[in-house]
1. Can you name the number of the only condition in (1) crowded, with 17+ Cβ neighbours inside 10 Å; (2) touching a helix residue (DSSP H, G or I) at 6+ places or on another chain (Cβ under 6 Å) that D146 fails?
2. Taking only pairs six or more apart or across chains, which ones have beta-carbon atoms under 6 Å, a first residue in region 62-84 that is under 21 Å from P144 (Cα atoms), and a second residue that is more than 10 Å from the ligand (Cβ to nearest atom) and assigned to a helix (DSSP H, G or I)?
3. Out of region 77-99, which residues are outside any helix (DSSP H, G or I) and within 7 Å of the ligand (Cβ to nearest atom)?
4. Can you tell me which residues in region 333-360 are buried (at least 19 other Cβ atoms within 10 Å of the Cβ), charged (D, E, K, R) and more than 14 Å from F117 (Cβ to Cβ)?
5. Looking for something on the phi < 0 side of the Ramachandran plot, more than 16 Å from the ligand (Cβ to nearest atom) and in contact (Cβ under 8 Å) with a residue 24 or more places away in the chain - is there at least one such residue anywhere in region 208-217?
6. I'd like the residue in region 312-330 that is surrounded by 12 or more Cβ atoms within 10 Å (Cβ to Cβ) and among the charged types (D, E, K, R) and, out of all such residues, is farthest from the chain's Cα centre (by Cα).
7. Examine region 401-410 for a residue that is exposed (fewer than 15 other Cβ atoms within 10 Å of the Cβ) and not basic (K, R), and state whether such a residue exists.
8. When you go through (1) within 16 Å of the ligand (Cβ to nearest atom); (2) in contact with a strand residue (DSSP E or B) (Cβ under 9 Å, 6 or more places away or on another chain) one by one for N379, which number turns out not to apply?
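Here, each number is a calculation from the coordinates, and none is a lab measurement. Every value quoted in this text rests on a predicted model; they were computed, and no experiment measured them. With ideal geometry, Cβ positions are generated from the backbone for all residues, glycine too; neighbour counts draw on all protein chains shown.
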Amino acid sequence: MNSRTLLALFAIFALLPVGLAAQSHDGALADHQPHLFAAADFDIDPGAVTYSKDIAPILQRSCQNCHWAGGGAPMSLTTYGEVRRYAQRIKDRTAIRDRMGAMPPFFVEKDIGIHEFTNDYSLSDEELALIQAWADNGAPEGDPADMPPPLNFETDGNWVLGEPDLVVLSPDVTMPAIGPDRWGDIGTVPTGLTEDRWVKSVEIREVNDIPADLGTSTVGGRYIFHHMTYTSVGLDENGDAVSGTSTSWPIHEVGRNADIFPDRAGRLLAANSALSLANSHLHSNGRETTGRLEFGFTFFPEGYEPEYTRRGPRLGNGIDIDVAANRGEQEFHSFVTLEEHTKIIAFEPHLHAPGYRMCMEAIWGHNQFTLNCVGYDHNWVKQYIYEDDAAPLLPKGTILHIIGFLDTSEDNANVADARNWAGGGRRSVSNMFIDLGYSVVLTEEQFQTEMAERRAKMTDRNDFDVGCPLCWAPTIMTAGDDDQDTQAAREQQ
Ligand code: HEC
């Protein structure tokens, strides 16, 4: 062994601990471990797992709304013939679970925080165990008689939330095969409403002339609308916008789910209003494409009035960002103090290409609660809507804290060039770090009522509601309250 080899060996050993230390966090893309489960832990006999009996129902619930012949995904997963050859890749992509590349795209980390979301179609540990046992065992079909009845996407699949009450169309837009991204106003389209209506849900889809069997493997190749930020405005007799009548609506982005507003906090679409499609971001996809957006609204019944006002803190930082080149784990922090009692309806991490994770925590006094940590993949911009009885219920004075995790190394397939420093900005190669979710403010009375509802469902003092730091705080009794009730409550605890 010559001295140069020795030196090289020494260099390797000297560097090794540094390398290991740099990988000691489990969050980064480089060390993300697949979520593998042993069949025995779920009393599953691996040899008995079949496509017809066990796998098809999972695919129907969590995959086929995209993976059917006319859906947004690159291949259909509706028959055994189609699914069989993807068995290994299905196993791999589902086992990623909550990081970039995971299927289905729903990235909530299951081992921490709140678990109840209205739009959760993720897979359970047992379902992952079934898929893994099945793929490892040669992906057998089993008895076709065990198959669940097929879903009909031609009729059911066009609107995820079902046929809307009102559909408003944007103008058609044509993008050339190759060209720079386009930003701007694509017009104002009347809703045709003759009376005020409170909106329960809104779903937006792009309809374009790209053939369903195009065979592209990227989401970007199937669409021209990267996103659309829009408002509704009231119009006067001349068709001009009336100032002060604007309502903002959740953003449309490629891969984003539909929005369902809570029963107590609908949004107003006014009589004689129009959608102002002022902020579109369009992008060429390699093929001349003409497309439009379709806005599908469903309404609350006539006479409905919301109880809560939608208002909440803005969390994050869209401008002042300093992202180092080629570095695996970079953390960003943003804090805001709640000035009113607040119920968080939805969490929507928004990062750009380097982003791979965001956590949100609530700090109350010396307590720090992780509300949720979710993975992030800039191909999918997901909003996570809490179940009404699990949504964070935070007293004024709570400090909300979000933590963004960015990876600009070669491990991040979404980063175009690992060598670039990047700051804040609107393009995907620039960065953002914000929570686009939304909240409602509660009066003292509403806050106490909601907490009492939670408390009533908790069985004993060990039953803990992670989003409700004051749920178990002693109730403040005012003068004149019945002392016997207080006594009874104390004895129960
Ligand atoms: C919301 C739509 C959507 C859902 C739901 C969805 N997928 Fe996908 N899937 C896509 C899209 C779009 C792609 C291509 C882009 C990508 O790879 O991320 C894809 C890619 C894949 C791939 C990789 C294909 C390849 O060529 O390697 C696999 C495997 C896959 N999905 C399996 C699944 C399974 C299994 C489920 C359900 C457990 C599922 N997907 C749920 C949209 C979806």
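1. (1)
2. W68/F153; S76/E82; Y80/Y51
3. Within region 77-99, the subset outside any helix (DSSP H, G or I) is 77-79, 85-86, 97-99.
Once the filter is applied, which keeps residues that are outside any helix (DSSP H, G or I) and within 7 Å of the ligand (Cβ to nearest atom), region 77-99 yields L77, Y86.
4. Correct list: E340, K343, R357.
5. yes
6. R327
7. Going through region 401-410, the residues exposed (fewer than 15 other Cβ atoms within 10 Å of the Cβ) turn out to be 410.
Applying the additional criterion that residues be not basic (K, R) yields 410.
Within region 401-410, one or more residues are exposed (fewer than 15 other Cβ atoms within 10 Å of the Cβ) and not basic (K, R).
8. The failed condition is (2).
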